[in-house]
Ligand code: MOS
């Protein structure tokens, strides 16, 4: 099914099930520990051996020699696999560095061997006996040093320019020109990357933890140089991803290689201490923001430049995207530069690009408000725009007006296009009212509560609302149960529940009559979970399959599908009414289809908008920062389930606090690795850091977005949060910190 006309009235609008704040249907399993993660699938491979991955001990160089003898003789050892005996390997399209390194080493903790033994302890002990002699070569490990040689990455990240920024900025009445830095960050999800791999002849099955089943399957097949249809990937429960599980990682590849060598199933969990350097991370950025305005607050010139680094053939952080969208301004430019670094691979982490970009832009806006003597909320309202003010992707050189734009990723040039829905001002106004923004004292450092200096800060938020093709199969079985099958994943987001709600609404049955099966490459290929596209896309796929199933049901009943309505377990057409169960009893019916998004999504710019408000206390003597309360107001299309959506947003807000105050991978710039590669030294917020969060969703449906009129919201929740914290700290203390995380030494 093609989504090519704006969604009109359809069964979803009833809102009997969709839009209700129902509990997660997998909630009991999760809360009781009976939703098995990949590593816990004892049922599928009771005889599994254990693999332990050895990571490279240098940041760049080569292996001179490996001595495996002692390890091979160690108790319980079954096999050891290295690049030398793994056979020919390809590389998945989405992997930058090789997942199995050697003899060349691309980055620290790149996997170089897996030791397989009867028990976990034996594998670990034997791995410690492997002797590797390295030859270290110099690497590029410092973004600040690599900044000058950084290149324009091209494609979506190409530079944009509208009007005459330099001239307009030079003549602006009020200016801000500041540089901000954000550090490397780690996803630090609870469940590590983990896989059980089993071969049956030439057929491979991996039970793993992955956000994108079809990407993982495709890239595993490509890496092993085998046909995709010989690989099955199963990932029904995922204990957090945040982008770290978008791609095939070493656990899955090494488990497959190990199982082949050991001739029996092998299970591997990446040890926590390997994760930050072996897998991916959010790259550090350096960002320069310049804004020029008239005395009345009207922005006349705005520029955002961002530098980040990655391994050769890698990609930059897209930190400038929101600056093309949020505020008006006739003269503008954005530029993205990529430095080649030999640190571990950079890649997506929750709201990649916008999360870091807002950290700079939204402090700069606060600085502009201060320079103008204007309220920060009013400044943002003053500069609202109902059309895209900049090119949304890079400006195509032969197509400056963006006529040839390809909308597949929402990253095409289309300056001047209207937004499908933009309730940014409403978010700002409602947030200010509910938070008590009028109590803010503009002059910093004026409010005391005992030893605490108290401050309020806010920020605007934008995140795209992309959609991608997503398929599903929905069956009505002979008992009258509705069974939804799609390879969509639930990474803690609530996918099971919203997909169940979609099917229940479409077929007029209660949610308890729907059974949802996810995360298996045997099921139709979905959008997967990433980029805030999962909820909107995968529910649209289930919608399409339900339309097909409704047709099959109507046909069996002998009525026109267009005239049939599905209500209270009945199918009705005119005066004719039959129980769904009765029709089902004649034998199972199946509907399968994919939703594809095409031309329609090019006609308008789809995005989600929000406003974040934060109150902090800063200890007047130690500069310890405590967040006291937070509010997010989100405009993100139809909210499919306010309970799961709220959980997404408060989780994102929590991550935003982490980014503001504590999260930082410390780079050893001589040896080239992240030093604090465990959860003891990579700090994330705990419950005591997050005392009070509120989330308000604006009433919104967006008929241009999907048939359900829905958008994603999970990643919107982090955009702007860290800047709101930084701005609150400034309001509390008068200290403007532009280098994250804002630790107390930077305030004192
Ligand atoms: Mo998201 S960072 O695309 O999982």
When restricted to 168, 178, 172, the only residue away from the ligand (no atom under 16 Å from the Cβ), part of a loop (DSSP other than H, G, I, E, B) and closer than 30 Å to residue 294 by Cα is 172
Restricting attention to segment 213-231, report how many residues are crowded, with 19+ Cβ neighbours inside 10 Å and more than 16 Å from the ligand (Cβ to nearest atom).
8
The one condition residue 210 fails out of (1) assigned by TED's automatic domain parsing to the domain that holds residue 48; (2) in contact with a helix residue (DSSP H, G or I) (Cβ under 7 Å, 6 or more places away or on another chain); (3) not in a loop (DSSP other than H, G, I, E, B) is (3)
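With the condition kept exactly as written, say whether any residue in segment 438-452 is closer than 19 Å to residue 715 by Cα and either in contact with a helix residue (DSSP H, G or I) (Cβ under 6 Å, 6 or more places away or on another chain) or modelled with pLDDT of 95 or more (or both).
Restricting attention to segment 438-452, the residues satisfying the condition of being closer than 19 Å to residue 715 by Cα are none.
Looking through segment 438-452, none of the residues is closer than 19 Å to residue 715 by Cα and either in contact with a helix residue (DSSP H, G or I) (Cβ under 6 Å, 6 or more places away or on another chain) or modelled with pLDDT of 95 or more (or both).
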Name the single residue that is nearest to residue 184 (Cα to Cα) among those in segment 242-255 being more than 13 Å from the ligand (Cβ to nearest atom) and touching a helix residue (DSSP H, G or I) at 6+ places or on another chain (Cβ under 8 Å).
249
Just for strands (runs of 3 or more DSSP E) wholly inside segment 550-635: which have at least 1 residues that are farther than 30 Å from residue 458 by Cα?
565-567, 570-573, 576-579, 589-597
For residue 239, only one of the following conditions fails: (1) within 30 Å of residue 32 (Cβ to Cβ); (2) more than 16 Å from the ligand (Cβ to nearest atom); (3) surrounded by fewer than 24 Cβ atoms within 10 Å (Cβ to Cβ). What is its number?
(2)
Looking for whichever is within 23 Å of residue 236 (Cα to Cα), within 16 Å of the ligand (Cβ to nearest atom) and in contact (Cβ under 8 Å) with a residue 60 or more places away in the chain here; the options are 470, 495. Which one fits?
470
Residue pairs meeting the criteria (Cβ under 6 Å; at least 6 apart or on separate chains; first under 18 Å from residue 494 (Cα atoms), in segment 9-29; second surrounded by fewer than 17 Cβ atoms within 10 Å (Cβ to Cβ)):
21/642; 21/643
Unique match (being more than 23 Å from the chain's Cα centre (by Cα) and buried (at least 24 other Cβ atoms within 10 Å of the Cβ)) among 503, 465
503
Among the candidates 338, 343, which residue alone is in a strand (DSSP E or B), in contact with a helix residue (DSSP H, G or I) (Cβ under 9 Å, 6 or more places away or on another chain), surrounded by 23 or more Cβ atoms within 10 Å (Cβ to Cβ) and not assigned by TED's automatic domain parsing to the domain that holds residue 210?
338
Quick check on residue 442: is it within 30 Å of residue 373 (Cα to Cα), in contact (Cβ under 8 Å) with a residue 24 or more places away in the chain and in a loop (DSSP other than H, G, I, E, B)?
yes
For the subset of segment 58-81 comprising residues that are outside any strand (DSSP E or B) and in contact with a strand residue (DSSP E or B) (Cβ under 7 Å, 6 or more places away or on another chain), which member is farthest from residue 119 (Cα to Cα)?
60
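What is the residue count in segment 508-543 for residues that are part of a helix (DSSP H, G or I) and buried (at least 24 other Cβ atoms within 10 Å of the Cβ)? Steps first, answer last, please.
At the first step, the residues of segment 508-543 found to be part of a helix (DSSP H, G or I) are 511-513, 534-543.
Narrowing the set further to residues that are buried (at least 24 other Cβ atoms within 10 Å of the Cβ) leaves 534-543.
Total meeting the criteria: 10.
The values are calculated or read from the model by the stated rules, or taken from the named source; none is laboratory data. This structure is a prediction, so every number in the text was calculated from the model and none was measured. All Cβ positions, glycine included, derive from the backbone under ideal geometry; neighbour counts span all protein chains shown.
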